[in-house]
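Notes for the one structure printed next.
The values are calculated or read from the model by the stated rules, or taken from the named source; none is laboratory data. As the structure is a computational prediction, the values presented were derived from the model and not from experiment. Using ideal geometry, Cβ is built from the backbone for each residue, glycine included, and neighbour counts are taken over all protein chains shown. Accessible surface areas use protein heavy atoms only, side chains included; no ligands, DNA or RNA. Shrake-Rupley method; radii C 1.70, N 1.55, O 1.52, S 1.80 Å.
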Amino acid sequence: MTPPNDPVNATLRPESLEKVFDLSDGKFTVRGVPLLSHVPENVTFSSFSSICEPRDAPPSILQRVIAESHKGGFLGFSHVSPSDRLINSLGSFSGRNFVSIFRFKTWWSTQWVGNSGSDIQMETQWVLMEVPKTESYVVIIPIIEKSFRSALHPGSDDHIMICAESGSTQVRASSFGAIAYVHVAENPYNLMREAYSALRVHLNSFRLLEEKTVPRIVDKFGWCTWDAFYLTVNPVGVWHGLKDFSEGGVAPRFVVIDDGWQSVNFDDGDPNEDAKNLVLGGEQMTTRLHRFEEGDKFRKYQKGLLLGPNAPSFNPETIKELISKGIEAEHLGKQRDAAISAGGSDLAEIELMIVKVRKEIDDLFGGKGKQSNESGGCCCKAPECGGMKDFTSDLRTAFKGLDDVYVWHALCGGWGGVRPGATHLDSKITPCKLSPCLDGTMQDLAVLKIVEGSIGLVHPHQANDLYDSMHSYLAQAGVTGVKIDVIHSLEYICEEYGGRVEIAKAYYDGLSNSIFKNFNGSGIIASMQQCNDFFFLGTKQIPLGRVGDDFWFQDPNGDPMGVFWLQGVHMIHCSYNSLWMGQIIQPDWDMFQSDHECAKFHAGSRAICGGPVYVSDSVGSHDFDLIKKLVFPDGTVPKCIYFPLPTRDCLFRNPLFDQITVLKIWNFNKYGGVIGAFNCQGAGWDPKEKKFRGFPECYKPISCTVHVTEVEWDQKKEAAHMGKAEEYVVYLNQAEVLHFMNPNSEALQLTIQPSTFEICNFAPVEKLGGNIKFAPIGLTNMFNSGGTIQELKYIEKGVKIKVKGGGRLLAYSTQSPKKFRLNGSDVVFEWLPDGKLTVNLPWIEENGGVSDLAIFF
């Protein structure tokens with residue numbers, strides 16, 4: 001029996017007796033203000049304390065949830081007849097601003113705003129409403145109850161609907177007591193933290209980010225092979241890519257060997273041979289894993305091959321030509337499909353062109369079924385070749401700072417799962433069945449291909465064995481982590497396995513156990529996972545995950561302006577998804593290419609993203625000057641100490657195509673705050689066409705204001721004291737100007753050009769005695785200037801600072817210093833009457849790039 005004074009019992013007793021929510025007479029109110037009207041009689045509301053049972057959670061989280069438990073509760077509903085999919089209205093609302101997150105593909109989610117229940121998009125993961133009358137905010141979060149998961153959908157006449165589904169006709173129910181969670185708070189950022197903390201305690205099936213250890217890549221620079229090679233990735237190419245970066249002065253601390261390294265083949269091919277000459281994503285989506293070890297390209301690597309003077313050469317132009325031909329073949333495939341659908345007379349001509357392009361691709365590879373040295377083939381034919389293990393060992397020998405090697409794999413092994421009979425596992429070709437809930441999502445090649453090929457599903461009872469078989473081998477081969485993709489394919493194949501919740505539990509438990517055993521408990525990047533099933537069931541161990549769709553260097557549907565407008569869409573995904581995902585995982589903003597037309601736009605956002613910074617540059621195609629504004633020479637980054645979120649004045653706006661809103665995101669450095677202002681206008685979601693498209697009339701300069709009070713200082717304990725400063729210096733990184741501001745000042749007026757940005761660093765001003773005021777800005781040659789300040793200590797008549805990085809240090813000082821010491825020696829500095837104090841700092845390798853400064857007045 002639990003002792004009567006055990007704090008766990010307190011989960012059932014809220015500290016406040018205030019009745020915040022009420023459901024009566026068809027109205028659901030919050031503090032007396034109607035939130036939903038026309039609520040059906042079969043809808044119920046229960047307080048948090050009446051539903052939640054004592055759970056295993058850290059005391060700090062339990063206490064926090066107890067203190068706020070009166071501010072939350074659960075919605076339920078009942079039907080007469082049981083079903084595997086039930087839809088019910090929660091009521092209606094109109095004239096109330098909301099921001100929401102919905103799934104636009106099986107794998108990816110994004111922001112949507114509106115003001116009525118009918119404005120909601122299908123597969124909405126949560127909706128946050130503004131309640132101006134009580135100066136508060138309310139969030140409704142569809143959750144999991146027993147074997148059902150739920151999502152919000154639009155209804156007619158302003159109704160908001162909830163859909164609960166099991167994913168299996170064998171799993172049916174008729175009533176739910178807690179299928180959605182509702183929470184209220186005066187601060188929208190507190191609201192999300194409180195709500196997901198409450199759900200962590202209630203569901204006890206996931207853990208919050210604060211409970212987990214993030215992988216060491218989060219403050220490092222890395223390189224991912226995907227856009228550089230696609231499926232043509234090979235050891236020689238990876239080697240030369242890392243060599244490029246090292247010689248350019250920005251050596252990656254981690255590399256992600258993306259899709260293309262595995263042993264996969266097609267059902268109609270030799271069961272023991274790898275599929276050959278694959279180029280683009282899409283070609284491999286009907287292949288299956290036939291061996292846990294690496295594919296031939298890596299398996300034939302010979303130890304020391306690339307360490308000696310006669311290392312194989314590599315021609316990056318061959319890879320670029322292969323990719324170009326692959327894109328040509330993909331476009332011809334779409335033309336063929338269209339011709340078949342329309343009964344066109346040019347089908348035969350298109351088929352001939354496809355054959356011609358495929359031959360050109362084979363020739364570039366060195367012939368059908370072969371791989372040339374130019375395309376990165378390794379030439380070891382000896383049976384004792386060490387493969388991946390020798391390759392990772394040679395990488396670490398040559399590139400001393402390379403801490404981590406990650407590799408890609410799909411959740412089910414390969415895109416098409418595991419080939420039956422090819423391994424010791426019980427794998428079965430399982431047809432895919434898509435939920436009607438996905439009817440509102442956009443057409444997706446990955447979905448079409450997976451449905452076409454079905455999935456070779458390893459029985460859920462063997463999920464532990466599946467992941468340990470893959471990961472234990474990889475760990476022994478020197479791999480330190482994995483990027484898991486195609487995560488939400490499980491919902492397609494759950495009919496025979498107890499539904500989507502039960503199959504997810506089995507697979508995520510197996511994955512979590514393996515990550516804990518083989519990759520230090522944290523060596524994982526989750527991708528293609530942006531749905532509530534994953535976050536509520538799969539994140540007990542996973543600490544890092546993508547918060548945006550893939551980086552697209554061009555529009556796959558052919559809009560030439562997509563090269564620009566797709567980049568702003570990416571930033572909206574990441575910023576708004578972090579409102580909920582950031583409670584559970586460290587947000588990962590994905591890679592980009594440093595030589596892309598909008599590379600600087602991406603770089604500005606990555607500078608303040610608070611997570612890993614990595615690129616996917618092709619070999620030989622880099623903008624090292626740009627990268628060096630993000631990355632220190634040792635491969636670390638001046639990382640913010642939190643993750644960026646939209647400012648309050650952006651929460652209920654549309655920064656993509658309303659023609660008036662600049663995306664503003666706030667974050668913290670150790671000794672200051674930061675706001676990034678990004679002009680993302682020019683594209684967005686079209687509900688009628690069910691896709692993202694360009695809105696060219698919106699691609700224009702947009703004006704905005706920026707103020708220090710828009711930094712939410714109270715959201716991190718370490719930053720709270722900085723929000724109490726009487727005065728701040730504001731440095732605009734792109735304009736290279738200083739401004740002064742206090743909490744009552746007028747806001748700064750900015751005009752941001754399309755696909756450009758400004759980063760505003762806010763440094764609290766310190767009074768040193770007399771009339772001396774001082775504030776350090778940081779290195780102005782880095783996008784996140786404030787992140788370069790490592791330590792700051794004010795002393796009598798002076799200040800001591802530790803700064804990481806080389807370049808121009810800027811500070812504000814009302815008086816010229818009497819003495820300025822750098823690493824113990826006097827140094828020449830410049831002080832101007834406007835208060836700008838500057839000095840040039842060297843990068844000293846022996847000091848880890850950190851300079852010790854002492855300034856005396």
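Does at least one position in the range 339-350 carry a residue that is farther than 15 Å from residue 238 by Cα, part of a loop (DSSP other than H, G, I, E, B) and open to solvent by 80 Å² or more (accessible area, probe 1.4 Å)? Scanning the range 339-350, I find at least one residue that is farther than 15 Å from residue 238 by Cα, part of a loop (DSSP other than H, G, I, E, B) and open to solvent by 80 Å² or more (accessible area, probe 1.4 Å), so the answer is yes. Residue pairs whose Cβ atoms lie under 7 Å apart, sitting 6 or more positions apart in sequence or on different chains, and linking a residue in the range 327-351 that is over 16 Å from residue 445 (Cβ atoms) to a partner that is of a type in the set (Lys, Arg) and assigned to a helix (DSSP H, G or I), are 347/336; 350/336; 351/336. The residues in the range 396-429 that are buried (at least 19 other Cβ atoms within 10 Å of the Cβ) and outside any loop (DSSP other than H, G, I, E, B) can be counted, and the count is 11.
Scanning the range 821-857 for residues that are among the charged types (D, E, K, R), under 22 Å from residue 736 (Cβ atoms) and at pLDDT 95 or above, we see that the one that is least open to solvent (accessible area, probe 1.4 Å) is 836. One residue stands out in the range 65-110 among those that are in a helix (DSSP H, G or I) and among the hydrophobic types (A, V, I, L, M, F, W, C): the one that is farthest from residue 144 (Cα to Cα), namely 67. Looking for something over 30 Å from the mean Cα position of the chain (by Cα) and not in a loop (DSSP other than H, G, I, E, B) - is there at least one such residue anywhere in the range 708-723? No - not one qualifying residue is present in the range 708-723.
Give me the residue from the range 759-769 that is in contact (Cβ under 8 Å) with a residue 24 or more places away in the chain and either outside any strand (DSSP E or B) or open to solvent by 20 Å² or more (accessible area, probe 1.4 Å) (or both) and, out of that set, farthest from residue 668 (Cα to Cα). Among them, the one singled out is 769. None of 692, 657 is surrounded by 15 or more Cβ atoms within 10 Å (Cβ to Cβ), closer than 30 Å to residue 439 by Cβ and without any contact (Cβ under 8 Å) to a residue 60 or more places away in the chain except 657.
Which of the residues that make up the range 17-55 are among the charged types (D, E, K, R) and more than 36 Å from the chain's Cα centre (by Cα)?
Within the range 17-55, 18, 19, 22, 25, 27, 41 meet the criteria.
Of the helices (runs of 4 or more DSSP H) lying entirely inside the range 173-255, those containing at least 3 residues that are under 25 Å from residue 552 (Cα atoms), in contact with a helix residue (DSSP H, G or I) (Cβ under 7 Å, 6 or more places away or on another chain) and open to solvent by less than 10 Å² (accessible area, probe 1.4 Å) span 235-248. Looking at the structure I just gave you, is residue 444 touching a helix residue (DSSP H, G or I) at 6+ places or on another chain (Cβ under 8 Å) and either open to solvent by 10 Å² or more (accessible area, probe 1.4 Å) or basic (Lys, Arg) (or both)? Judged against the criteria, residue 444 is not a match. Selection of the range 531-558 for residues being open to solvent by 10 Å² or more (accessible area, probe 1.4 Å) and out of contact with any His (no Cβ under 9 Å at 6 or more places or on another chain) yields 537, 540, 541, 554, 555, 556, 557. Yes or no: the range 369-389 includes at least one residue that is modelled with pLDDT of 95 or more, outside any loop (DSSP other than H, G, I, E, B) and among the charged types (D, E, K, R). Yes, the conditions are met somewhere in the range 369-389.
In the range 593-608, the residues that are more than 16 Å from residue 220 (Cα to Cα) and in contact (Cβ under 8 Å) with a residue 40 or more places away in the chain form Cβ pairs under 7 Å with partners that are assigned to a helix (DSSP H, G or I) and of a type in the set (Asp, Glu), at six or more places apart or across chains, as follows: 593/227. Here is the figure for the range 151-178: residues that are within 23 Å of residue 52 (Cβ to Cβ) and either aliphatic (A, V, I, L, M) or touching a Cys at 6+ places or on another chain (Cβ under 6 Å) (or both) total 6. Of all residues in the range 781-814, which are more than 24 Å from residue 677 (Cα to Cα), small (Gly, Ala, Ser) and either modelled with pLDDT under 95 or open to solvent by less than 10 Å² (accessible area, probe 1.4 Å) (or both)? Result: 798, 805, 813.
Close Cβ contacts (under 8 Å, 6 or more residues apart or on different chains) running from residues in the range 185-200 that are over 14 Å from residue 129 (Cβ atoms) to residues that are part of a helix (DSSP H, G or I) and among the small types (Gly, Ala, Ser) comprise 198/69. Identify, from the list 85, 64, the residue that is within 25 Å of residue 207 (Cβ to Cβ), of a type in the set (D, E, K, R) and in contact (Cβ under 8 Å) with a residue 24 or more places away in the chain. So the residue among 85, 64 that is within 25 Å of residue 207 (Cβ to Cβ), of a type in the set (D, E, K, R) and in contact (Cβ under 8 Å) with a residue 24 or more places away in the chain is 64.
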